[in-house]
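Please read the structure below before turning to the comments.
Taken together, the values in this text are just the output of simple stated rules run on the coordinates, not laboratory data. Bear in mind the structure is a predicted one, so any value in this text is a computation, not a measurement. So basically every Cβ, Gly included, is an ideal-geometry build from the backbone, and we count neighbours across all protein chains shown.
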Amino acid sequence: MVRTQRHSFRLSVKTMRPRHATTADLLDVEALLRSCSLPVGGIRNKAVQFHVSRDRTGLLACAGIEMFGGSIGLLRGVAVEQRARRAGLAALLVSALVADVRLRGIDALVVGTKAAAGYFSRLGFTLADPAAIPLELLASREFAHSVISETTLLKAEL
Ligand SMILES: CC(C)(COP(=O)(O)OP(=O)(O)OC[C@H]1O[C@@H](n2cnc3c(N)ncnc32)[C@H](O)[C@@H]1OP(=O)(O)O)[C@@H](O)C(=O)NCCC(=O)NCCS
């Protein structure tokens, strides 16, 4: 077992191990994202591929990637249940996802956020120039209900 230094939430090594989401995970992913007021468009039709962590009681965390056929991907739906926060789960899921997409030829990730720019900066993302982001990426359903100028766009070279 791993005990986080700051929290009493206990994570077994097996629990923390991220895995690819299956169809059976998607309703739980959607519910977690809704509970965090994050967009869910494109999830049921599998336009977004997720990594998840679960324990016996259910989904703990998820992080997804939407790809656009080139070498750039959109990081979406990074969310952790309240009871599992500040245990490193989001960072673990994002690094698993990065390792996976690198093998698939993706060499840059973009993330759009209203409230968590500071979090993604800590993971190595830097502010992106919206004019330099491919238009098809900005047309993602991730941004369907957002005013793009009110969204902070960050980018990481992998
Ligand atoms: C942001 C989020 C995914 C982080 O998950 P997590 O597993 O708790 O993150 P980690 O354990 O890897 O990192 C925790 C650290 O990030 C910090 N952090 C959490 N949310 C943050 C935010 N919005 N801005 C800046 N820092 C943040 C925590 O304070 C903590 O800092 P500490 O290490 O100094 O105590 C989680 O808080 C969450 O689900 N938030 C709601 C959904 C969301 O905003 N997702 C991002 C947009 S896609």
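Per residue, the chain reaches -6500 deg cm²/dmol at 222 nm when only DSSP H runs of four or more residues are counted, each adding -39500 (n - 2.57). Between THR126 and LEU27, the contour length at 0.36 nm per residue exceeds the Cα-Cα span by 32.5 nm.
Net charge in the neighbourhood of THR113 (other residues with Cβ under 13 Å of its Cβ; Lys, Arg +1, Asp, Glu -1) is +2. Taking 7 Å steps out from each Cα toward its Cβ at ARG17 and GLU136 produces label points 3.5 nm apart. Residues in segment 136-141 carry Karplus couplings, in order, of 5, 5, 5, 7, 4, 5 Hz; the curve used is 6.51 cos²θ - 1.76 cosθ + 1.60 with θ = phi - 60°, and Gly or Pro positions show x. Between LEU74, LEU138, LEU32, the GNM of the chain built on Cα springs shorter than 10 angstrom shows LEU138 fluctuating the most.
Under 12 Å from a point 7 Å along the Cα-to-Cβ line of TYR119: which residues of segment 40-75 have their amide N that close? Taking a point 7 Å out along Cα→Cβ of TYR119, the residues of segment 40-75 whose backbone N falls under 12 Å are 61-64. Our coupling estimate for segment 18-32, obtained by passing each phi through the Karplus curve with A = 6.51, B = -1.76, C = 1.60 and θ = phi - 60°, is x, 9, 5, 5, 10, 4, 5, 7, 5, 5, 5, 4, 4, 5, 5 Hz, Gly and Pro reported as x.
For the chain, the alpha carbon positions stretch 45, 31, 31 Å along the principal axes, listed from largest to smallest. The HN-Hα couplings worked out from phi for segment 148-158 by the Karplus form 6.51 cos²θ - 1.76 cosθ + 1.60 (θ = phi - 60°) are 4, 5, 9, 9, 7, 9, 10, 9, 10, 7, 8 Hz, whole numbers, x standing for Gly and Pro.
Judged by the mean number of other Cβ atoms found within 10 Å, the most tightly packed of the peptides 59-66, 144-151, 86-93 leads the ranking 59-66, 86-93, 144-151. GNM remark for the chain: springs join alpha carbons under 10 Å apart, and the peak mean-square fluctuation among GLY42, GLY77, GLY58 falls on GLY58.
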